[in-house]
1. Only one of (1) within 12 Å of the chain's Cα centre (by Cα); (2) open to solvent by less than 50 Å² (accessible area, probe 1.4 Å) fails for M1. Which number is that?
2. If you check R31, R18, which single one turns out to be of a type in the set (K, R), out of contact with any Gly (no Cβ under 7 Å at 6 or more places or on another chain) and open to solvent by 40 Å² or more (accessible area, probe 1.4 Å)?
3. Pull up the range 34-51, narrow it to residues that are touching a strand residue (DSSP E or B) at 6+ places or on another chain (Cβ under 7 Å) and open to solvent by 40 Å² or more (accessible area, probe 1.4 Å), then point me to the one that is farthest from Y86 (Cα to Cα).
4. Take E6 and tell me if it is within 14 Å of the chain's Cα centre (by Cα) and surrounded by 17 or more Cβ atoms within 10 Å (Cβ to Cβ).
5. How about the range 1-104: which helices (runs of 4 or more DSSP H) wholly inside it have at least 2 residues that are in contact with a helix residue (DSSP H, G or I) (Cβ under 9 Å, 6 or more places away or on another chain) and in contact (Cβ under 8 Å) with a residue 40 or more places away in the chain?
6. Name the single residue that is modelled with the lowest pLDDT among those in the range 77-109 being surrounded by 14 or more Cβ atoms within 10 Å (Cβ to Cβ) and within 13 Å of the chain's Cα centre (by Cα).
Amino acid sequence: MRFYRELYVGDSIHHAGRVKWKLRHHAGQLRVFVIVLAGGCDQLEIIHCAILKQKYYRRRPLFVVGIAGGYTEALLLVQKMVSDIYGKTGGCELKQYFLKDWNGQTKTSADR
């Protein structure tokens, strides 16, 4: 699991580092949703963190771009992502934007 270096974090997430650690170690969290890049032709997926405990998601490389404290907050974060990226690029190709930025970033010990 990799995290976007400028991770979008919802207002109800007070300790993003602790939430990231729990996500990496598959610890249970009740109200945490993650926003990840979709595998198919879709742009993004909103997934409850309990779903990430399944074998399918443990084997699948995930690139997390946002963490929210509820589904509604995750939708608001996606809206913020769209407006930010539209302001920067003039388009709404979120997946290409994040992948381009991800390929350009350097690996740090926190992302491994």
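1. (2)
2. On the way: R31 fails: out of contact with any Gly (no Cβ under 7 Å at 6 or more places or on another chain).
Sole residue among the options that is of a type in the set (K, R), out of contact with any Gly (no Cβ under 7 Å at 6 or more places or on another chain) and open to solvent by 40 Å² or more (accessible area, probe 1.4 Å): R18.
3. Among them, the one singled out is H48.
4. no
5. Numbers: elements: 16-24, 55-59, 71-89, 94-104.
It comes to 71-89, 94-104.
6. W102
Yes/no per residue for (1) at pLDDT below 90; (2) of a type in the set (D, E); (3) within 19 Å of G10 (Cβ to Cβ):
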{"site": "A38", "(1), (2), (3)": "yes, no, no"}
{"site": "C41", "(1), (2), (3)": "yes, no, no"}
{"site": "L52", "(1), (2), (3)": "yes, no, yes"}
{"site": "R60", "(1), (2), (3)": "yes, no, no"}
{"site": "G66", "(1), (2), (3)": "no, no, yes"}
{"site": "T72", "(1), (2), (3)": "no, no, yes"}
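The values are calculated or read from the model by the stated rules, or taken from the named source; none is laboratory data. Source: prediction; values computed, not measured. For neighbour counting, all protein chains shown are included, and Cβ atoms are generated from backbone atoms with ideal geometry for every residue, glycine included. Accessible surface areas use protein heavy atoms only, side chains included; no ligands, DNA or RNA. Shrake-Rupley method; radii C 1.70, N 1.55, O 1.52, S 1.80 Å.
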